[in-house]
Amino acid sequence: IISYLATDHPHLFEAGGENYHTDFSGWQYVRGHEGDLWRTYNDPTWMGSPAMPARPGGWFWSRFGIDTPARGYDRSRTFFRTEDDYPGPQTMKDAERFLREASPHHERWFLFVDEFDPHEPFDTPPPWSGMYFDEPWDDEWIIWPPYIDGGVTGGVITEKEGRHIRANYGAKLSMIDHWFGRILDTFDDMNLWDNTALIVCTDHGHYLGDQREGRDIWGKPGVPQYEPLGHTPLLISWPGVDGGSTINALTTNVDLFATLADIFDAQVGHRTHGSSLKPLLADTSSSIRDWAIGGVWGNWIQITDGKHKYARSAVESNYPISIYSNRWSTMPIHFNGIVGMPPPDQRAYLDKMPGTDIPVLRQPFEQGDQMPIWSFGDQSVDKHYLFDITIDPDEQENRAGEKLEGEMLEMLRSALLAVQAPTDQLQRIGLN
């Protein structure tokens, strides 16, 4: 099986990125997106993006007196001359090139397009820029959204700035959608629909002023994974299956690995947590799982059955909690001053990675320790959330404390035991 990675995703190539790209038969990394440390200076010719000056990546943090270095993209964008130079369009062109030039040479192939757009920065050239914003605007373009729970309500941004940010997100979405259309055109031109599966998915959403508990949420701050962030789209074209239908079944991203293994008849030599989607697509089953779990390290742990969503916080304190890693030497992140991770100390010891027999370094954390950035935000204790998303999709009525919470608690306990979560995780949320 020939595999190819087309990507502009900078986190794959940062310290701690694990070098996944080396497992592909071929790969192409398009430079310059988000925090990618690509250029060391601004191009002085001002021929490209600087025609629309933008606030630098640290503008939001500076309002809190936090000084951060320039984001890589702040320099990279000065080298983009035309729309074709932006990372998203370049990545889609590379994916199209593989389909047209390389795929005919291979009987079985897997193309993974890890496209970072429409992730921030929400920066686009004309005609996309301003497509959804027609108000007077004399300030620098806001391409970096804030990460905060209560942007307008907290006085951090104005309502007009909020509309501006949402419009820029829409412009980025429309631009990359246009370029993704070239992939679909290629499927048409090469008659790939009859023998090629096409899966479109994403890892998370993005808050753009979504209202919860009377506050507007922006970015990905320390709040539960509400629907706009955690309920992601999944679109699949499958040979032999008519399009235009909706399968109302619960899935999660780990099911995609199981599906790919099923497609290629690959024997997986270790335990995984996913289930193949083929029974759903072939209409031989109406369900492949009863629950899906998620969350952010050091924050809420969540579970859904497709109808209800339960977010469980820590109880008593946010401890005990540990990080397990086989790459501690490369884990500290350097590209942004506010992003950091403490090195392991004398408390670290070898332990098995939960759910495996692989020994890794385990670092416990205690009250007063510097915490990784993923645990920043609302460290509320005993602040649980339960929503009936079938009748309350905007999650306005917290039903925690009702009888249903007991049922969801038992489901969460069973799910964590099924994936062999570490015992201190269950202790942290009061389920030990």
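Quick notes on this one:
- If you filter region 1-38 down to residues that are closer than 19 Å to THR124 by Cβ and either touching a helix residue (DSSP H, G or I) at 6+ places or on another chain (Cβ under 7 Å) or in the same structural domain as ILE323 (by TED's automatic domain parsing) (or both), you find that the one that is surrounded by the fewest Cβ atoms within 10 Å (Cβ to Cβ) is TRP38.
- Test: residue in region 157-178 that is in a strand (DSSP E or B) and in contact with a His (Cβ under 9 Å, 6 or more places away or on another chain): no
- Taking the criterion of being among the β-branched types (Val, Ile, Thr) and touching a strand residue (DSSP E or B) at 6+ places or on another chain (Cβ under 7 Å), the residues of region 291-318 that qualify are ILE293, ILE301, ILE303, THR304, VAL315.
- Taking region 31-57 as the range and being at pLDDT 80 or above and more than 17 Å from ASP117 (Cβ to Cβ) as the test, the residues that pass are LEU37, ARG39, THR40, TYR41, ASN42, ASP43, PRO53, ARG55, PRO56.
- Complete set of residues in region 209-234 that are over 16 Å from GLY155 (Cα atoms), aliphatic (A, V, I, L, M) and buried (at least 18 other Cβ atoms within 10 Å of the Cβ): VAL223, LEU229
- Any pair with Cβ under 6 angstrom, 6 or more apart, that starts in region 153-164 at a residue that is assigned by TED's automatic domain parsing to the domain that holds ASP210 and ends at one that is of a type in the set (Lys, Arg): THR153/ARG215
- Positions within region 251-272 being surrounded by fewer than 16 Cβ atoms within 10 Å (Cβ to Cβ), in a loop (DSSP other than H, G, I, E, B) and within 23 Å of the chain's Cα centre (by Cα), in sequence order: ASN253, THR272
- Hey, GLY181 within 30 Å of ASP84 (Cβ to Cβ) and without any contact (Cβ under 8 Å) to a residue 12 or more places away in the chain or not: yes
- Residue list for region 95-116, restricted to those being without any contact (Cβ under 8 Å) to a residue 60 or more places away in the chain and outside any helix (DSSP H, G or I): GLU107
- Qualifying residue in region 51-63 (condition: surrounded by 17 or more Cβ atoms within 10 Å (Cβ to Cβ), among the aromatic types (Phe, Trp, Tyr) and over 30 Å from ALA261 (Cβ atoms)): yes
- Residues in region 106-146 that are crowded, with 20+ Cβ neighbours inside 10 Å and of a type in the set (Ser, Thr, Tyr): THR124, SER129.
- The residues of region 217-254 that are among the hydroxyl-bearing types (Ser, Thr, Tyr) and touching a residue at least 40 places away in the same chain (Cβ under 8 Å), listed by number, are TYR226, SER237, THR251, THR252.
- Note on region 200-250: residues that are in contact with a strand residue (DSSP E or B) (Cβ under 6 Å, 6 or more places away or on another chain) and β-branched (Val, Ile, Thr) amount to 4.
- Region 385-404 residues that are not assigned by TED's automatic domain parsing to the domain that holds GLN302 and modelled with pLDDT of 95 or more, paired with ones that are of a type in the set (A, V, I, L, M) and surrounded by 15 or more Cβ atoms within 10 Å (Cβ to Cβ) (beta carbon under 9 Å, 6 or more apart): none
- Any hit, region 176-194, residues being surrounded by 15 or more Cβ atoms within 10 Å (Cβ to Cβ) and small (Gly, Ala, Ser): no
The values are calculated or read from the model by the stated rules, or taken from the named source; none is laboratory data. Since the model is a prediction, treat every value here as computed from it, not as a measurement. Here Cβ is always computed from backbone atoms with ideal geometry, including for glycine, and neighbour counts include all displayed protein chains.
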